[in-house]
């Protein structure tokens, strides 16, 4: 059988069960789009390529499987690269397929030519440029295998236009070719050089258990690498066997339910005082799928000094490069978190844990009490009731402004009035103050329930990621929490949302400024508010209406909750908050987390 490069790509995607791709067509990828025309794969036409990548991320973050985005050469591919870099930073599986100019034109500065392969290489898990249709037979299945195996990440395939159109003979077993190549790659990586040897895993797990047995003030620190349903299940079993307080990175929120007495909160620059205090006082840190990034640790030497002096750090990570990179470990497992905890749980059940059980139980209660007392302080709202009276800053003069913390925390109960449980809601955020308030106060219950741009911190992430999440889980209501700065980064995707009619509620906290930038200027730059306050302030509700989205003013419309949660389809909600609101705690540069402004 003879197929073109485009036919090979589309049929391999179909074999893998891909049902949706997002992108924008252009000259260098038109042969692929021509083949897509005859496929059952749904194409989501975004308004800017960056959004295609974030939609794919939304699908991947909810499903745990690689999703697909497409772009043409030159500016199309370059627009896409921000979302690719974001996926790399947060370890999100994604396959990006980009068109390229004909091979004969590469290097000639042809129309819409850019070195996509070279540009993408530092920001992907793997990049490849194919030079013939035959190469696609292995390139496409391998892209998914690489994206989904080990530490997940984005893979980019750059395909010249003439390769898409050229034809080649395909193997007789082509109908099942994807699985053959995919499984072969996965099998070949089972004995990875940098993974803990299989025969050593039970022994290291036993060593972990012995160290845990001797701890009086241990803490479990979970990150994005533990944020999957299976890992969360094994960690819940671990906590039932071994009582321990749990803290998380931003990406680890949801591994342990926020309702659990064991969950103390998020650590780091805007982490809770209780969580940072727990980390500081612990005599042992068990880190699972967390990489000790700078926003979490602050001053590294003061992050967990007591643990370093006592029983040390036990580190579980699927990527060997993350172990001993920032903090030295006393013992480590290079392994998937679910597998690691399965072995640790078995080892713990064989030990007598009674020696310091009373100490650990008391420690957990003490940590929970610290968390409870802190919450009272944090829930106090901004008292700038008169603000400045300037409409251009995005707030109205007079009256008490909405407390963004209480507002965000109340969203599940407001949705419950219309039959939506906490399990029915997925939350996506943009980047800024609203992101941190959501991390601090929204009661995340399940893994993969909070979708946010962590390491790269990309404004404009929220809306397209919410669209992808709603496509992956159409039975749920996706709540996108954004700010008036972030929402404008990809507001054109309201057109995409309107076309798809998805169950997405966009909630914008409007303060007329770049809140997080302004806050840092207040605390770190002597209140020099340089370029952080908007002069022009668009009516976002009218903008959303112009895209065909149902809207609600949460400050004036008594029926706004019904529009947001009680009716099918998308809804855009705006509420005004004071620009004087700040995210606390806040750790200044050079300070320890426990010395945060509170």
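The values are calculated or read from the model by the stated rules, or taken from the named source; none is laboratory data. What you see is a predicted model, and the numbers here were worked out from it, not measured in a lab. With ideal geometry, Cβ positions are generated from the backbone for all residues, glycine too; neighbour counts draw on all protein chains shown.
For the range 554-582, a residue qualifies if it is loosely packed, with under 15 Cβ neighbours inside 10 Å and over 11 Å from residue 503 (Cα atoms), and the qualifying residues are 556, 558, 559. Considering only residues in the range 134-144 that are more than 14 Å from residue 168 (Cβ to Cβ) and in contact with a strand residue (DSSP E or B) (Cβ under 9 Å, 6 or more places away or on another chain), the one that is surrounded by the most Cβ atoms within 10 Å (Cβ to Cβ) turns out to be 143.
Can we say residue 403 is out of contact with any strand residue (DSSP E or B) (no Cβ under 9 Å at 6 or more places or on another chain), modelled with pLDDT under 95 and closer than 30 Å to residue 470 by Cβ? For residue 403, the condition - out of contact with any strand residue (DSSP E or B) (no Cβ under 9 Å at 6 or more places or on another chain), modelled with pLDDT under 95 and closer than 30 Å to residue 470 by Cβ - is met.
Residues checked against (1) in contact (Cβ under 8 Å) with a residue 24 or more places away in the chain; (2) more than 19 Å from residue 471 (Cβ to Cβ); (3) buried (at least 16 other Cβ atoms within 10 Å of the Cβ):
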| position | (1), (2), (3) |
| --- | --- |
| 17 | no, no, no |
| 23 | yes, no, yes |
| 27 | yes, yes, no |
| 44 | yes, no, yes |
| 49 | yes, no, yes |
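Only one of the numbered conditions (1) closer than 26 Å to residue 59 by Cβ; (2) buried (at least 22 other Cβ atoms within 10 Å of the Cβ); (3) assigned by TED's automatic domain parsing to the domain that holds residue 52; (4) in contact with a strand residue (DSSP E or B) (Cβ under 9 Å, 6 or more places away or on another chain) is not met by residue 160, and that is (1). Take residue 83 and decide whether it is closer than 24 Å to residue 10 by Cβ and touching a strand residue (DSSP E or B) at 6+ places or on another chain (Cβ under 7 Å). No, not satisfied. Counting only strands (runs of 3 or more DSSP E) that sit completely within the range 223-316, those holding 3 or more residues that are buried (at least 18 other Cβ atoms within 10 Å of the Cβ) and more than 20 Å from the chain's Cα centre (by Cα) correspond to 284-288.
When the range 339-353 is filtered for residues that are more than 9 Å from residue 238 (Cβ to Cβ) and part of a helix (DSSP H, G or I), the ones remaining, listed by number, are 339, 340, 342, 343, 346, 347, 349.
Output yes when any residue across the range 113-127 is touching a strand residue (DSSP E or B) at 6+ places or on another chain (Cβ under 6 Å), in contact (Cβ under 8 Å) with a residue 60 or more places away in the chain and crowded, with 18+ Cβ neighbours inside 10 Å, and no when none is. Looking for residues that are touching a strand residue (DSSP E or B) at 6+ places or on another chain (Cβ under 6 Å), in contact (Cβ under 8 Å) with a residue 60 or more places away in the chain and crowded, with 18+ Cβ neighbours inside 10 Å, one finds none in the range 113-127, hence no.
The lone criterion from (1) assigned to a loop (DSSP other than H, G, I, E, B); (2) touching a residue at least 60 places away in the same chain (Cβ under 8 Å); (3) within 18 Å of residue 210 (Cα to Cα) left unmet by residue 333 is number (1). For the criterion of being at pLDDT below 95 and at negative phi, residue 247 fails. Residues in the range 62-80 that are crowded, with 24+ Cβ neighbours inside 10 Å and closer than 15 Å to residue 123 by Cα: 77, 80.
Within the range 539-565, the set of residues being in contact (Cβ under 8 Å) with a residue 24 or more places away in the chain and part of a loop (DSSP other than H, G, I, E, B) comprises 547, 548, 549, 554, 555.
Would you confirm, using the coordinates I've provided, whether residue 214 is surrounded by fewer than 23 Cβ atoms within 10 Å (Cβ to Cβ), within 24 Å of the chain's Cα centre (by Cα) and in contact (Cβ under 8 Å) with a residue 60 or more places away in the chain? Judged against the criteria, residue 214 is not a match.
Checked against (1) over 29 Å from the mean Cα position of the chain (by Cα); (2) touching a residue at least 60 places away in the same chain (Cβ under 8 Å), residue 362 passes all but a single condition, namely (2).
Say whether the condition of being at pLDDT 95 or above and either over 26 Å from residue 569 (Cα atoms) or in a loop (DSSP other than H, G, I, E, B) (or both) is met by at least one residue in the range 464-471. No, because not a single residue in the range 464-471 is at pLDDT 95 or above and either over 26 Å from residue 569 (Cα atoms) or in a loop (DSSP other than H, G, I, E, B) (or both).
Here is a yes/no grid of residues against (1) in the same structural domain as residue 498 (by TED's automatic domain parsing); (2) at pLDDT 95 or above:
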| position | (1), (2) |
| --- | --- |
| 549 | yes, yes |
| 558 | yes, no |
| 563 | yes, yes |
| 568 | yes, yes |
| 575 | yes, yes |
| 597 | no, no |
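Looking across the range 418-451, the residues that are closer than 13 Å to residue 478 by Cα and either outside any loop (DSSP other than H, G, I, E, B) or under 11 Å from the mean Cα position of the chain (by Cα) (or both) come down to 422, 423, 424, 425, 426, 427, 428, 429, 448, 449, 450, 451. For the range 175-186, the criterion of being crowded, with 20+ Cβ neighbours inside 10 Å, farther than 25 Å from residue 118 by Cβ, modelled with pLDDT of 95 or more and touching a strand residue (DSSP E or B) at 6+ places or on another chain (Cβ under 7 Å) is met by no residue. Would you be able to say whether some residue in the range 366-383 is within 18 Å of residue 201 (Cβ to Cβ), modelled with pLDDT of 95 or more and touching a helix residue (DSSP H, G or I) at 6+ places or on another chain (Cβ under 8 Å)? Looking through the range 366-383, none of the residues is within 18 Å of residue 201 (Cβ to Cβ), modelled with pLDDT of 95 or more and touching a helix residue (DSSP H, G or I) at 6+ places or on another chain (Cβ under 8 Å).
Only residues that are in contact with a strand residue (DSSP E or B) (Cβ under 7 Å, 6 or more places away or on another chain) and on the phi > 0 side of the Ramachandran plot were counted across the range 250-289, and they come to 3. If you check residue 3 against the conditions, is it assigned to a helix (DSSP H, G or I) and at pLDDT 95 or above? Criteria not met by residue 3.
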